[in-house]
1. If you project the alpha carbons of the stretch 40-181 onto the principal axes, what extent comes out on each, in Å, largest first?
2. Report, to the nearest 10°, how far helix 135-146 tilts away from the longest principal axis of the Cα atoms in the chain, using its own Cα long axis and a range of 0 to 90°.
3. Could you run the Karplus curve 6.51 cos²θ - 1.76 cosθ + 1.60 with θ = phi - 60° over the stretch 20-27 and give me ³J(HN,Hα) per residue in whole Hz, x for Gly and Pro?
4. Sorting check: for 174-185, 158-169, which peptide has the highest mean count of neighbouring beta carbons within 10 Å, and how do the rest follow?
5. What order, most packed first, do the peptides 13-22, 134-143 have when packing is the mean number of other Cβ atoms within 10 Å of each residue?
Amino acid sequence: MIDTTRTLALIGSAAGGVEHIRAELVEPALSRGWRVAVTLTPTAGAWLAASGELDRIAELTGLPCRVASRMPSEPSPHPPIDCYLVCPATANTVSKLALGLGDSQALTTAVEAVGAGTAPVVVFPTVNAAHHRHPAWKWHTSALQDAGVHLLTGERWWAAHEPRSGLGQQIPWRRVLDELDRLVPPR
Ligand SMILES: Cc1cc2nc3c(=O)[nH]c(=O)nc-3n(C[C@H](O)[C@H](O)[C@H](O)COP(=O)(O)O)c2cc1C
């Protein structure tokens, strides 16, 4: 019988590939027995609202796809979380996460998760070679690794091509899901 006791918080930002999260992450994660609560950065939220994916994800998961923060009088619409996945993670989102900036619901959720340390936080940056060479990149990624964040970086995960030259590169969705299963095995 499929185990549905694990809950995954999937946080998506505005990088190429985010348009595929329903088919490549949400549906397979549900099949693997995760409950999935999706939160998107404002830009990613606008992209997926325009394509209709926001509504499709909400229908599929049975949970609202969060973009804006809740009203103070409203309860949190997402359940307690067993594992956080930030994928795809833009350079912008990775940098803000490292600095602890919670200027959107997506970052508020991820920043709190890093600080709380009660559930694994997995981050898959889709960044290019220019982002890598930015002087702050090294500090930001070191800070996240020192905090225990599972950063899926390096050629094995994502080759950092020069800007606009790595078109067609695919996120290894299945291996990302395997990593989640390794960190929080099915119960
Ligand atoms: C089509 C498109 C694809 C993009 N892909 C990436 C990407 O793979 N990595 C990245 O760091 N930024 C990418 N960007 C730039 C980000 O969307 C931009 O920095 C944005 O401000 C990120 O906001 P967010 O991190 O709040 O989602 C892309 C922009 C566009 C228009």
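Rule-based calculations on the coordinates, nothing more; no lab input. Just so you know, these numbers come straight off a predicted model, no measurement behind them. Note that we place each Cβ from the backbone using ideal geometry, even for glycine, and neighbour counts take in every protein chain shown.
1. So the three principal-axis extents are 44, 33, 29 Å.
2. Relative to the chain, helix 135-146 is tipped by roughly 40 degrees.
3. Ordered by residue, 3J(HN,Hα) equals 9, 5, 5, 6, 9, 10, 5, 4 Hz.
4. Numbers: 174-185: 15.3, 158-169: 11.9.
So the order, starting with the most tightly packed, is 174-185, 158-169.
5. Working: 13-22: 20.3, 134-143: 14.2.
My ranking of the peptides, most packed first, is 13-22, 134-143.
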